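Please read the structure below before turning to the comments.
The numbers here are math on the coordinates, done by the rules we state, and not lab data. Only a predicted model underlies this, so the values are computations on that prediction, with no experimental measurement involved. Here the Cβ positions follow ideal geometry from the backbone for every residue, glycine too, while neighbour counts run over all protein chains shown.
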Amino acid sequence: MDAPLTGGCLCGAIRYESGGEPSFALLCHCRDCQRQSGSAYAAGLRVAASGFWVTQGEPKFYVKTR
């Protein structure tokens, strides 16, 4: 990867950066991802934890039960 990837949450409270090489990328079409993205799918990719940094904010962990 040439340049680090940067991004954040929709509200702007969390920012992150990734300098790692993605191990895979995906397009998820589940209902939760459709609602979250407002589209037919949501894009995602996976990098090693050693190549991922939260640069602003404190992430929270949520579990959805059906």
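Some points to look at:
- Shown here for the chain: chymotrypsin sites (Phe, Trp or Tyr not before Pro) in loop regions (DSSP other than H, G, I, E, B) with at most 16 other Cβ atoms within 10 Å, namely 41, 61, 62.
- In order along segment 12-27, phi translates into HN-Hα couplings of x, 6, 10, 10, 9, 9, 10, x, x, 7, x, 8, 6, 10, 8, 10 Hz, rounded to whole numbers, per the Karplus curve 6.51 cos²θ - 1.76 cosθ + 1.60 with θ = phi - 60° and x for Gly and Pro.
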